[in-house]
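Let me begin by presenting the structure, written as structure tokens, before commenting on it.
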Amino acid sequence: MLIHSIVPTESIFYSDKQYDKVSYARYNGILVEVIKGDNTSSIVRIISSDPRHYLNSSIQPSLNVNNRELFFTN
Amino acid sequence: MKKENMNTVPNTNKAEENIEMIKEMGTANGKSSRGNIHCLTIIGQIEGHMILPPQNKTTKYEHVLPQLVAIEQNDEIDALLVILNTVGGDVEAGLAISEMISGMKKPTVSLILGGGHSIGVPLAVSAQHSFIATTATMTIHPIRMNGPVIGVPQTFEYFNRMQDRVVEFVVNNSRISRENFIKIMLETGKLANDVGSIIFGQEAVNVGLIDSVGGVTDAIETLYKMIEKRKKGD
């Protein structure tokens with residue numbers, strides 16, 4: 001693998017901390033990165049090129065969304 | 001009086017409808033009459049075939065490539081604005097995204113904010129017009145490889161060929177000459193413990209790497225002009 005970055009490779013691949021595993025889901029067709037919980041999931045970020053999706057107040061980062069409203073892709 | 005009412009009623013209804021839409025859907029009907037611009041943010045590390053540890057903020061090519069296809073083929077989208085603040089990353093993934101953007105027919109403009117380093121350089125030049133913020137920086141340095149390296153002359157040749165892919169793309173998509181780009185890339189004494197150079201906003205324009213210094217308004221205005229030109233040509 002070829003890495004072309006200003007960040008040293010040892011920093012890129014170093015990890016000693018346990019982070020929450022993220023999942024991907026669709027909310028009304030918009031792809032979002034979430035941390036999946038039992039009933040609700042916390043929004044991490046929106047993955048879209050449509051600027052209007054970022055104005056959607058129900059999927060702002062850190063908000064909890066009911067899992068029933070999400071369609072998980074992984 | 002009656003006439004005035006007749007004129008104001010539909011407008012009020014429309015305004016109320018817009019407010020209702022923002023309340024209900026959290027969206028504003030943000031389409032401008034001059035064109036609908038989609039915005040792609042390329043942030044953090046460009047992630048390639050390996051999933052990077054979660055402390056890295058990454059841009060994943062499997063998310064970006066289908067979005068670019070959708071932008072190119074969707075009739076409702078008129079142009080693409082690429083916003084870059086990246087530290088570089090995987091060469092193959094970076095070049096794949098760059099090739100996709102440079103192959104698009106719809107108007108494309110890139111804007112570097114903060115930094116567009118390493119593999120961020122071909123990404124920045126891939127758009128039809130590139131902008132850099134005054135305070136933004138670009139680090140230009142040779143590619144490296146992780147994992148075991150066989151200590152034979154062929155390894156050097158392999159590195160040279162891999163480097164050529166990046167150099168060729170940058171030279172073909174910007175005004176900089178091959179000689180000048182390689183000179184900047186192999187400079188010593190500019191970076192504390194590495195070969196290469198760091199260049200700021202205006203310098204990037206002066207060497208011919210980036211088209212202009214500017215911000216978001218300049219980028220959007222350029223896109224609108226490109227949309228108008230394209231519509232006239234159709």
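Derivation of every value follows stated rules applied to the coordinates shown; laboratory data play no part. As the structure is a computational prediction, the values presented were derived from the model and not from experiment. Virtual Cβ from ideal backbone geometry, glycine too; neighbours counted across all protein chains shown.
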For peptide B:134-143, what's the mean number of Cβ atoms from other chains within 10 Å of each residue's Cβ? 1
How much length would be gained if the chain were fully extended between A:Asn66 and A:Ile30, taking 0.36 nm per residue of separation minus their Cα-Cα distance, in nm to one decimal? 11.5 nm
Each label sits 7 Å from Cα toward the beta-carbon; between B:Lys190 and B:Lys231 the label points are separated, in nm, by 4.2
Ranked on Cβ counts within 10 Å of their own Cβ, fewest leading, B:Lys60, B:Lys225, B:Lys105 go B:Lys105, B:Lys225, B:Lys60
As a test of the formula, what do you get for chain B when each DSSP H run with n ≥ 4 contributes -39,500 (n - 2.57) and the sum is divided by the residue count, at 222 nm and rounded to the nearest 500 deg cm²/dmol? -15000 deg cm²/dmol
Rounded to one decimal in nm, the spacing of the 7 Å Cα→Cβ label points at B:Phe200 and B:Glu221 is 2.3
Rank A:Thr9, B:Tyr158, B:Gln55 by how far each Cα sits towards the positive end of the charge dipole of the protein assembly as shown (+1 on Lys, Arg Cβ; -1 on Asp, Glu Cβ) and give me just the farthest. B:Gln55
How much mean residue ellipticity at 222 nm does chain A get from its helices, if each DSSP H run of length 4 or more adds -39500 (n - 2.57) and you divide by all residues, to the nearest 500 deg cm²/dmol? -1500 deg cm²/dmol
Using the alpha-carbon centroid of each, what span in Å lies between the stretch B:77-142 and the stretch B:178-234? 9
Within 10 Å of each Cβ in B:62-71, how many Cβ atoms from other chains are there, averaged over the peptide? 2
Among B:Met145, B:Leu81, B:Val195, pick out the residue whose Cα is farthest towards the positive end of the charge dipole of chain B, where Lys and Arg carry +1 and Asp and Glu carry -1 on C-beta, about the Cα centre. B:Leu81
So for chain B: antiparallel DSSP bridges make up what percent, rounded to the nearest 5? 20
Rounded to the nearest 0.05, what FRET efficiency do B:Gln55 and B:Met145 give with R0 = 25 Å and r taken as the Cβ-Cβ distance? Could you check? 0.70
Using a basic spin-label model with each label point 7 Å from the Cα along Cα→Cβ, how many nm lie between B:Val152 and B:Glu72? 3.8
Looking at B:Pro122, B:Ala93, B:Thr135, which one has the Cα that reaches farthest to the positive end of the dipole of the protein assembly as shown (charges on Cβ: Lys, Arg +1; Asp, Glu -1)? B:Thr135
Degrees, to the nearest 10: B:2-25 long Cα axis against longest axis of chain B: 40
Note: A:Met1 to A:Asp16 extended length (0.36 nm per residue) minus current alpha-carbon separation gives 3.2 nm
Give the angle, between 0 and 90 degrees and rounded to the nearest 10, that separates the Cα long axis of helix B:153-173 from the longest principal axis of the Cα atoms of chain B. 30
Using Cβ counts within 10 Å as a stand-in for footprinting exposure, how do B:Val82, B:Val207 rank, fewest first? B:Val207, B:Val82
Would you list B:Asp194, B:Asp78, A:Asp20 from fewest to most Cβ contacts within 10 Å? A:Asp20, B:Asp194, B:Asp78
